[in-house]
Amino acid sequence: MKITIDTQSGFCFGVVNAIRAAEKELKTNETLLCLGDIVHNNAEVNRLKDKGLEIIEHEQLHTASNRKVLIRAHGEPPETYLKAKENHITLIDATCPVVLKLQERIRKGYEEIKSQGGQIVIYGKEGHAEVNGLVGQTNNQAIIINHPDDIHKIDFTRPIKLYSQTTQSIDGFKQIVDLISKEITSLDNGPNQFTAIDSICRQVSHRAPHLRKFATQFQVIVFVSGKKSSNGLALFAECKKTNPLSYLISDTDNIEAKWFTDVETVGICGATSTPMWLMEKVAQHLHRNY
Ligand code: SF4
């Protein structure tokens, strides 16, 4: 069986930076706290836990006085920085520079539109850490649109600035832009300023067309990703579109022998949160067993 790993899959630079920051700290400190999973991949989280990384949740921040806490690539809302200061916590801020820049744009956008009585809209997943960080820039006033049905939350008679969570799909974003534009033009005395800011990270958006093509080149696709990764689920869906024999696994124990009956070519790929070492482990497992 010929097995090929997609060299374009794996961590984006934002995640690489965060992991490097954690590893650097753990060289000189026995433990380091991290606010939430450093990456949506259990295998990688466990590897770093073995080196001394401890994952904490927001509710535990008050117990972390005088300790170091890492902020992962997704970023955090301003409240987290305040809480850290109140509790004498030293933050190691590994927020991805792309997310930091977006937070800043949204903060400025909010200040502008607030004075015009308008609304900030974020196309993203409610409750996702990055979205929480973005909404925090608007004093928690931003409207979150996760699905086309959610657009009823917007008041179309008032100015609108639309942004996107960095990992959303471009097609989904375009659909929301079209729906909002239609609603505005259907108003009799339509106002209105509507600005759509495409803030999708190209580290992710370029991967979808690439993976659709990659998936056609093999009989079977094994897609490696944590089940909590929204980017992983979206990219897996892209593979499945062009190759129905695509399977999602988080580690080798999810692999089923029946997938490889009479199969000669297998492509292995993954999400932006999938470590290369895990895709290599899957390849070795397939080589050994099939
Ligand atoms: S996907 Fe883009 S924005 Fe998100 S962490 Fe990676 S590089 Fe940063």
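Structure values in brief
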read-out	value
Residue match in the stretch 147-155 (condition: open to solvent by less than 40 Å² (accessible area, probe 1.4 Å), in contact (Cβ under 8 Å) with a residue 40 or more places away in the chain and under 30 Å from Glu111 (Cβ atoms))	no
Residue that is touching a strand residue (DSSP E or B) at 6+ places or on another chain (Cβ under 6 Å), farther than 28 Å from Cys96 by Cβ and without any contact (Cβ under 8 Å) to a residue 40 or more places away in the chain, where the choices are Leu245, Leu286	Leu245
Where a residue in the stretch 79-102 is part of a loop (DSSP other than H, G, I, E, B) and its partner, wherever it lies, is more than 16 Å from the ligand (Cβ to nearest atom) and open to solvent by 70 Å² or more (accessible area, probe 1.4 Å), with Cβ under 8 Å and at least six apart	Asn87/His62; His88/Asn66; Ile89/Asn66; Ile89/Arg67; Ile89/Lys68; Ile89/Lys83
Strands (runs of 3 or more DSSP E) enclosed by the stretch 1-68 - at least 3 residues per element that are within 24 Å of the chain's Cα centre (by Cα)	32-35, 53-56
Restricting the stretch 179-217 to residues that are of a type in the set (D, E, K, R) and more than 16 Å from the ligand (Cβ to nearest atom), the residue that is surrounded by the most Cβ atoms within 10 Å (Cβ to Cβ)	Glu183
Residues satisfying the stated conditions in the stretch 164-178, i.e. without any contact (Cβ under 8 Å) to a residue 40 or more places away in the chain and either touching a strand residue (DSSP E or B) at 6+ places or on another chain (Cβ under 6 Å) or open to solvent by 50 Å² or more (accessible area, probe 1.4 Å) (or both)	Asp171, Lys174, Gln175, Val177, Asp178
Selection from the stretch 9-47 of residues that are more than 19 Å from Gly75 (Cα to Cα) and either within 13 Å of the ligand (Cβ to nearest atom) or in contact with a strand residue (DSSP E or B) (Cβ under 8 Å, 6 or more places away or on another chain) (or both)	Ser9, Gly10, Leu26, Asn29, Thr31
Positions within the stretch 93-102 being closer than 13 Å to Ile197 by Cβ and either among the charged types (D, E, K, R) or open to solvent by 100 Å² or more (accessible area, probe 1.4 Å) (or both), in sequence order	Lys101
Out of Arg72, Arg105, sole residue that is charged (D, E, K, R) and buried (at least 20 other Cβ atoms within 10 Å of the Cβ)	Arg72
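Yes/no per residue for (1) modelled with pLDDT of 95 or more; (2) among the acidic types (Asp, Glu); (3) not assigned by TED's automatic domain parsing to the domain that holds Ala271:
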{"site": "Ile154", "(1), (2), (3)": "yes, no, yes"}
{"site": "Thr167", "(1), (2), (3)": "no, no, yes"}
{"site": "Phe173", "(1), (2), (3)": "yes, no, yes"}
{"site": "Ile180", "(1), (2), (3)": "yes, no, yes"}
{"site": "Phe218", "(1), (2), (3)": "yes, no, no"}
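The values are calculated or read from the model by the stated rules, or taken from the named source; none is laboratory data. Values in this document were obtained by computation on a predicted structure and should not be read as measured data. Here the Cβ is made from the backbone with ideal geometry for all residues, glycine too, and neighbour counts use every protein chain on show. For the accessible areas, the whole protein counts, side chains as well, though only heavy atoms, and no ligand, DNA or RNA atoms are used. Shrake-Rupley method; radii C 1.70, N 1.55, O 1.52, S 1.80 Å.
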